[in-house]
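Here's the structure, in structure tokens; my notes come after.
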Amino acid sequence: MEHFYQIMKSQLVLLIFVSSIAINFVNLETPSTTEEVVEIDYLACGPSTLSTNVKNAFLKEINANDYVDSDLYKLKNWIIIVNNTDCHQTLDFLFDLSRVASYHSVQSIEGIWSVKFQSGDVAYSILKEWDDSGKLWGFYPEKSSRYELRYEPNDPLYEEQWYLDNYGQNDGTSGIDINPNDVWEDYSGDDINIAIIDDGLDYNNPDLSPNFLSSLSYDYCDDDGDVMPLDSDEDGVIDWHGTAVAGVASAKGNNSLGVTGVSYNSNLIGIRLIAEDCTNELASDRMVAKALNHKLDVVDIYTNSWGPDSVGSVLGEIGPFALNALETGTSEGRNGLGSIYVWSAGNGHQNGDNSNKDAYANSRYTIAVGATNWKGELTGYSEFGSNVMVVAPSSPLLSDSNYTGNDPAIFSTDVSGSEGRSNTDYLNDMGGTSASTPMVAGVIALMLEANPALTWRDVQHILVRTSQKIDPSNEGWITTYKGRDYNHAYGYGLIDAKDAVTLAKNWENYSADMNLTEVMVNTGKIVVNEFVSDDNDLGVNSEVFVNESIDIETVEIKVNISHSWRGDLNLFLESPNGVVSELVRESNDGNDHFREWVFSSVVHWDENSFGLWKLKVNDTVLGGDTGTWVDWNMTFYGHPSIDTDRDNLSDFVESVLGTGYNNSDWDNDGLLDGEEYYGWL
């Protein structure tokens, strides 16, 4: 009922607003049945360049008010037309764009822009401000948003699932959701298999049983095919975690029952591994490896809401068998396209933990997922890291310092009956990066249904390109070399199902000019052997010039640092273009040394490897602890950089050297430029 009154109130406000705009424009032009021939000044811009018919067509859109009858909070995308005197200016010069999600100029007409706001509710007040400034000639919602009613399943708890459709309920921020409604009519996860590696899965829950595949599930704790959870720690509560994770990703939707999963028609495969009662050694390397390659021929996505202890003083190692399993899964899974591994970034931020200290979450084979709350702000527990790729909604935990007790949480499935976390088949307090991770897995299932030919690396490329910047006032946002927004807390931003699926459908055409064959460049060992002083911000700097040129996806940085209190250390990687990855920050980690530890970064995605790279190590905490930076090396993973003139020098390198990428022999000496630079025979 509250939702109904919000919409009615918003519609009334917008009706008055649209009416006032219509009055302002209705007499600007008189429609004519005869098109007058006008000479257009091509140095001009905006409305002055438009013919009478085109101008009238725009006025028809501006004066229309039929979108008042649609759900207002869904109108995020608008066309704005700047007046004749201001149309040569850039949009960021004319207006404050802090509440704009994205924008681009309409290529055919200067002074006309397509603007996507963070939410529909925000759009109306902003557009009124802009119109009052006198800089706008008119505006109207784009038809794709204007006429499209987003699909809503009939499950009774759907309205409580704010992270699927956030219109500002619970005093939240409209638009802070993963936006699956716009694709559900076409894609809901059909025939996509999601494996839940966790503490079991209650396949009797009526919202999970329709999607559960018993024949493909397995219990690696008891070495049998029954993944039903138990009270493994004997606390009187049946292990509920895996059941809740499964519901977020794949609870059956539109069945008039309970909750809606993100990919509500995807298949569920239970893999019981992370439970206290495992008869084998808990999560041993070989057991984890088996789980990560379980039914590799049929599993599309493995979602993992688990990891090392988040106390802040643990380096979460990955064993050789598990690492080999990730390599095998991404090379052989899905008939060679690669299985998708989604991993929680970790819940230890308040303990000073960093996701880059978890070798599963910082693996280039996995997608590390952080958590944001219903206001679009980072939760208190979600770990930072240059390995974090995206965030998805979750809720504060009881241990959060800012937890109020009234914060909306994540609704999901619970162990059936009264022996789980709640007394019903559902729970309303799912939280942590454990909740955000299966949301991303669900979105990826929608992407794979839309385009089954996507490789595991394609999926990562799409998420990097389509995730949305949120919490714009956060000081951690930087601009990458490719002009994308990145934050070590939010990664590339909030995952957006609509944009991700749209790009996934067109990915083959989009990437037709990209050679996405994976290539690797390694710098070799760089010996430092320098003393790292206590409480000294200057620290130690080491440099390496990389001659090879590839377009980067992930960078791995292996370090050997002998230090008696590694939590005093900070490591910063700087690219030739001045983009900085914060590999780890000072913390309360009192353990010693980083020995052969591999940090990773996705900050330099699509940046070029060529040039001078710098790594800085400093100790910024006064405590009498010192150490020695022994050595380091870097490995770049990515794809070949464009070489237009095929002279074995990429266009990027030629732009740096000044040899020109349209002339294969710049000095006309009969040798290709690449042969001369690299000394090839």
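Brief remarks follow.
- Relative contact order, percent, segment 174-292 [alpha-carbon distance under 8 Å, six or more residues apart]: 36 percent
- Rounded, prolate or oblate (a/c below 1.5 giving rounded, otherwise prolate when a/b exceeds b/c) for segment 227-343 by Cα gyration tensor: oblate
- Ellipsoid semi-axes in whole angstrom, largest first, where each is sqrt(5λ) of the Cα gyration tensor of segment 442-592: 35, 20, 14
- On a per residue basis, the chain carries 41 Å² of accessible surface, using protein heavy atoms and a 1.4 Å probe.
- Protection proxy ranking for 514-520, 600-606, using the average of other Cβ atoms within 10 Å per residue and placing the highest first: 600-606, 514-520.
- All Cα-Cα distances of segment 537-584, cut into 5 Å bins from zero to the largest, leave 4, 12, 27, 28, 14, 9, 4, 1 percent in each bin in turn.
- Kyte-Doolittle mean at least -1.0, axial Cα span of 15 Å or more - DSSP H helices of the chain: 2-25, 52-63, 120-132, 320-332, 433-450, 456-466
- Sorting the segments 46-54, 555-563, 199-207 by their mean number of nearby beta carbons within 10 angstrom, highest to lowest, gives 199-207, 555-563, 46-54.
- Anisotropy class of segment 299-343 from Cα gyration tensor, a/c 1.5 cut: oblate
- Gyration tensor (alpha-carbon) shape descriptor, segment 419-488, a/c threshold 1.5: oblate
- Phi to ³J(HN,Hα) by Karplus 6.51 cos²θ - 1.76 cosθ + 1.60 over segment 370-383, Hz, x for Gly, Pro: x, 10, 10, 8, 6, 9, x, 10, 5, 5, x, 9, 5, 7
- Long-range amide H partners of W137 with built H, under 5 Å: I81, V82, N83
- Of all DSSP bridge pairs formed entirely within the chain, close to 70 percent run antiparallel.
- For S600, nonlocal amide neighbours, meaning residues 5 or more places apart or on other chains whose placed amide H falls under 5 Å from its own, are I557.
- Whole-Hz Karplus values for segment 346-363 come out as x, 10, x, 4, 5, 9, x, 6, 9, 4, 6, 9, 10, 6, 7, 5, 9, 6 Hz, taken residue by residue from phi with 6.51 cos²θ - 1.76 cosθ + 1.60 and θ = phi - 60°; glycine and proline positions read x.
- Working from the Cα coordinates of the chain, the gyration tensor eigenvalues give, after taking √(5λ), semi-axes of 42, 36, 24 Å in decreasing order.
- For segment 118-207, the relative contact order works out to 28 percent when only alpha carbon pairs closer than 8 Å and six or more residues apart are counted.
- With kT/(6 pi eta Rh) evaluated at 20 °C and eta = 1.002 mPa s, and Rh the Kirkwood radius from Cα pairs, segment 609-681 diffuses with a coefficient of 138 µm²/s according to Stokes-Einstein.
- For segment 306-422, DSSP calls about 10 percent of its internal beta bridges antiparallel.
- Measuring nothing but how far apart in sequence close Cα pairs (under 8 Å, 6+ apart) lie, relative to its length, the chain scores a relative contact order of 10 percent.
- Cubic angstrom per residue, convex hull over Cα atoms of segment 383-500: 141 Å³
- For segment 571-635, fraction of C-alpha pairs farther apart than 20 Å, in %: 34 percent
- Packing, taken as the mean count of other beta carbons within 10 Å per residue, orders the peptides 410-420, 630-640 from highest to lowest as 410-420, 630-640.
- Annotation: Cα Rg of segment 530-670 relative to the compact-globule expectation 2.2 N^0.38 Å equals 1.28.
- Amide H contacts under 5 Å for V630, placed H, 5+ residues apart: N529, N560, I561, S562
- Residue-wise HN-Hα coupling along segment 198-209, computed from phi with Karplus coefficients 6.51, -1.76, 1.60 (Hz; x: Gly, Pro): 6, 9, x, 8, 7, 6, 8, 4, x, 8, 10, 4
The values are calculated or read from the model by the stated rules, or taken from the named source; none is laboratory data. All values derive from a computational prediction rather than experimental measurement. Quick reminder, even Gly has a Cβ in these numbers, built from the backbone with ideal geometry, and neighbours come from all protein chains shown. These area figures cover heavy atoms from the full protein model, side chains too; ligands, DNA and RNA do not enter into them. Shrake-Rupley method; radii C 1.70, N 1.55, O 1.52, S 1.80 Å.
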